[in-house]
Structures are given as structure tokens and as C-alpha cells.
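The values are calculated or read from the model by the stated rules, or taken from the named source; none is laboratory data. This one's a predicted model, so the numbers in the text were calculated from it and none came from an experiment. Ideal geometry is used to build each Cβ from the backbone, glycine not excepted, and the neighbour counts take in all protein chains shown.
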Amino acid sequence: MARTSKKANKSLYQLRREELGLSREKASELLESMTPERIERIENGKLEARPDEILLMAEKYKDPHLCNHYCANDCAIGIRNVPEIKTRDLSQIVLEMLASLNSLKKEQERLIEITVDGKIETDEIEDFIKIQEELEQISMTVEALKLWSKEKLTSGQIDMEAYKAAKEKTNKR
């Protein structure tokens, strides 16, 4: 078992490596293209990881959340455009989705009224923003469900082959 650092405020990358019981040397062997020194500098925030390195870590550490974390916190474009998705239980994700859909269903007629003329009038802006926020919440919940699925597929809790076959079958419809 690898020694774990006593340092506070560890990066997500270091936490995940340590959860797997990997030293930086063992992680370097697993990641193949990254030296232990580079891993250390990335984990300590002294060096920005490249997207291909994060993809490799997410794959080899079996943690798809690393990609979302990187985009939301480290990528210059992502920081402005990608919200960080928090890992939650499936039941919580589904309940949030249903609550958002129910709320939006109530706002459906108002959205039609606002947008029917192709422009947003001054007296419609507040309602439009409220509806837009509901749509953003639905989008976040969809992303949480996708991340949950990736985590379960990666960990083997969902059969990857059966999932791929079912997905292919639904895509042919």
C-alpha cells in the first residue's frame, strides 16, 4: 500500500490516486506517458495538466468525474461554460429531474406567450430568466445522470456490453 500524504487541501487527482492505493511511481506505470514528477506537479497545482492527461487519468483511475472537474475548474473555456457536476445517488438525480420537469410544465404556457413573437419584451424578461434557469437545472440533472451512468459502467456495476447493445438498438430506431 502506498504512503498517503498528510497534506491538507489535496487535489482531486491526488485524492483519487491515493484512494486506489497507488504511489506516484505506480500511477506513472499505470498512466505510461506521465512521470512521477509530472504527476506530483499536477497534483500540487504547480503544473497544468493537458486534456489528454486528464482523459488518461479518468480512464486508468476509472473515474469519469475527473474530466468534468478538469473542465469546470482548470480549463479556461470550461471555467466559463461548464458547471461542475456533483456526484449523487440515482434516486436523488431522478427526483431532481422530476421536480424540474414538473416546474417547467407549469411554465410551458408562459414560455409560449413570451416567445411566440420571436422577441423578449422588457416586461417578459424576468419570467424568461426564471424559465431559462429551470432549463439549466434540467440540463445539470441530465449531466449528473450521464456522469452517474459513466461511473457505474466504469466500475462494472452496469454491464458494459449489455449497455452498449441496448444503446445501439435504441439508436437504430
Response to the item:
ASN68 fails exactly one of (1) in a helix (DSSP H, G or I); (2) without any contact (Cβ under 8 Å) to a residue 40 or more places away in the chain; (3) within 13 Å of the chain's Cα centre (by Cα), namely (2)
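Every residue, every condition in (1) modelled with pLDDT of 95 or more; (2) within 18 Å of THR154 (Cα to Cα), yes or no:
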| site | (1), (2) |
| --- | --- |
| MET1 | no, no |
| SER23 | yes, no |
| GLU32 | no, no |
| THR35 | yes, no |
| PRO51 | yes, no |
| ILE54 | yes, yes |
| TYR61 | yes, yes |
| ASN68 | yes, yes |
| ASP74 | no, no |
Discussion item. Restricting to the stretch 7-43, count the residues that are polar (S, T, N, Q), surrounded by 16 or more Cβ atoms within 10 Å (Cβ to Cβ), in contact with a helix residue (DSSP H, G or I) (Cβ under 7 Å, 6 or more places away or on another chain) and in a loop (DSSP other than H, G, I, E, B).
Written reply: 1
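Restricting attention to the stretch 136-146, does a residue exist that is among the charged types (D, E, K, R) and loosely packed, with under 11 Cβ neighbours inside 10 Å? Can you show your working first?
So in the stretch 136-146, the residues among the charged types (D, E, K, R) come out as 136, 143, 146.
Adding the requirement that they be loosely packed, with under 11 Cβ neighbours inside 10 Å leaves none.
Within the stretch 136-146 (the criterion being among the charged types (D, E, K, R) and loosely packed, with under 11 Cβ neighbours inside 10 Å), the answer is no, since none of the residues qualifies.
Which members of the stretch 147-173 meet the condition of being surrounded by 14 or more Cβ atoms within 10 Å (Cβ to Cβ), without any contact (Cβ under 8 Å) to a residue 24 or more places away in the chain and either among the β-branched types (Val, Ile, Thr) or closer than 20 Å to ASN102 by Cα (or both)? Can you show your working first?
The initial filter retains those residues of the stretch 147-173 that are surrounded by 14 or more Cβ atoms within 10 Å (Cβ to Cβ), namely 147-154, 158.
Still in the list and also without any contact (Cβ under 8 Å) to a residue 24 or more places away in the chain: 149, 152-153, 158.
Correct list: ILE158 only.
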